[in-house]
1. Counting other Cβ atoms within 10 Å of each Cβ, which trypsin sites (Lys or Arg not before Pro) in the stretch 15-91 have at most 14 and sit in a DSSP loop?
2. Please compute the length gained on full extension between ASP51 and GLU89, using 0.36 nm multiplied by the number of residues separating them and subtracting their Cα-Cα distance.
3. How about the stretch 52-108: which GluC sites (Glu not before Pro) there are in a DSSP loop, with at most 14 other Cβ atoms within 10 Å of their Cβ?
4. Could you give each residue of the stretch 119-132 its phi-based ³J(HN,Hα) in whole Hz, using Karplus coefficients 6.51, -1.76, 1.60 with θ = phi - 60°, and x for Gly or Pro?
5. Any chance you could look up the accessible area of VAL45 with a 1.4 Å probe, heavy atoms only, rounded to 10 Å²?
6. Under a cut-off of 23 Å between alpha-carbon atoms, report the lysines in cross-link reach of LYS99, not counting same-chain residues fewer than 8 places apart.
7. Please work out whether the stretch 77-135 counts as rounded, prolate or oblate from its C-alpha gyration tensor, where a ≥ b ≥ c are the square roots of the eigenvalues and a/c under 1.5 means rounded, while otherwise a/b larger than b/c means prolate and anything else oblate?
8. Please list, ordered by chain and number, the residues whose modelled amide H lies under 5 Å from the amide H of VAL43; skip anything fewer than 5 residues away on the same chain.
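The values are calculated or read from the model by the stated rules, or taken from the named source; none is laboratory data. The structure presented is a predicted model; accordingly, all values stated were derived computationally and were not measured. All Cβ positions, even for glycine, are placed from backbone atoms using ideal geometry, and neighbour counts span all protein chains on display. SASA here: full protein model, heavy atoms, side chains in, ligands and nucleic acids out. Shrake-Rupley method; radii C 1.70, N 1.55, O 1.52, S 1.80 Å.
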Amino acid sequence: DISAYGHSIGAHLVPNPTVLVIDDQMQSVAVLLQYFRGQSVNVMVALDGVDGIKKAQQGEVDIILLDVSMPDMSGYAVCQALKGKPETENIPVIFISGKSAVGDETTGFEVGAVDYIVKPVSPPIVLARVRTHLSLVRVSHLEKSHHDAIHMLGEAGHYNDNDTGVHMWRMAAYAGALAQ
């Protein structure tokens, strides 16, 4: 029972986040699918890097679990390709690999991964790391929306008469001073 591993992945995050699993080994995919059973999460699967990149570009993917050792295109190359495209550069990538040397993990981080989990994996670790990185994504989205709202309010002051516009900027300065 997956609920024994802690809180639901989707709890307090984006409703029903989408996890893209990119791995050429069906056994590894089946294990990860079992971990996510009963969680408030959508899971997509790609069995090679090219298909994984295509699925990441087509859909609303919130996080990617990526194997390193795959034929034709390594996980490192897939991650680099994803980080090189504006539509996928902000999707967190967690490598899940049997490669456990420090150099392998270092390469994973150098190509843009946010985490690296060595196989064999345990359900609590995978679920906790996915939950943590999804919460970090949520925080960055909130920060951006707050910044955008403040900017729009500042711009709105320009569309009023001089008295109101000056008042808006003065209030913004007061708010900034209070925030500091």
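1. ARG37
2. Gain in length upon complete extension: 12.0 nm.
3. GLU60, GLU87, GLU89
4. 6, x, 9, 10, x, x, 5, 4, 5, 5, 5, 4, 4, 4
5. 40
6. Answer for LYS99, where 23 Å is the Cα cut-off: LYS83, LYS119, listed by chain and number.
7. Judged from the Cα gyration tensor, the stretch 77-135 comes out oblate (a/c at least 1.5, b/c at or above a/b).
8. So VAL43 has HN proximity to VAL19.
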